[in-house]
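**Student:** Dumping the structure here so I can ask a few things about it.
The values are calculated or read from the model by the stated rules, or taken from the named source; none is laboratory data. Treat the numbers as computed from the prediction; the structure is a model and nothing was measured. Glycine gets a Cβ as well: all are built from the backbone with ideal geometry, and neighbour counts include every protein chain shown.
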Amino acid sequence: MENNRHFKVPEQKNATPHYLRIFFALFMALFFIFVGLLLLFDWWNVATMNLPQWFRWVAGPIFLIYGVFRGWRVYDTLGNPKTVPGHVNNEEE
């Protein structure tokens, strides 16, 4: 078997595959962004059924910012090769 310097077979430490964790993280980021926009702009009159307006104006941006933050973390994780399973860092430190 050929020895590949850049990638190795990842050990099965986690039961959840890497791509499934990424999909779930992206889904949750989009969910939080959607809830934040729903609270801010009151689409379909769902958000204001029993919520005071001050709560909508406080919680909406919090959900929106948190969703963007989670999305950025997923993007940053995908861009960093050290976080991809099977990557071996060959740089000497």
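**Student:** Within the stretch 43-87, take every residue that is assigned to a loop (DSSP other than H, G, I, E, B) and surrounded by fewer than 12 Cβ atoms within 10 Å (Cβ to Cβ) and give me the one that is modelled with the highest pLDDT. Let's see the steps before the verdict.
**Tutor:** Keep residues of the stretch 43-87 that are assigned to a loop (DSSP other than H, G, I, E, B), which gives 46-52, 80, 84-86.
Restricting the remaining residues to those that are surrounded by fewer than 12 Cβ atoms within 10 Å (Cβ to Cβ) gives 46, 49-50, 52, 80.
Values: V46: 65, M49: 70, N50: 78, P52: 83, N80: 72.
Checked the stretch 43-87; the qualifying residue modelled with the highest pLDDT is P52.
**Student:** If you don't mind, another one. Sort out which residues of the stretch 1-42 are modelled with pLDDT of 85 or more and basic (K, R), and write them in order of number.
**Tutor:** Going through the stretch 1-42, the residues modelled with pLDDT of 85 or more turn out to be 20-41.
Within the stretch 1-42, R21 is the sole residue that qualifies.
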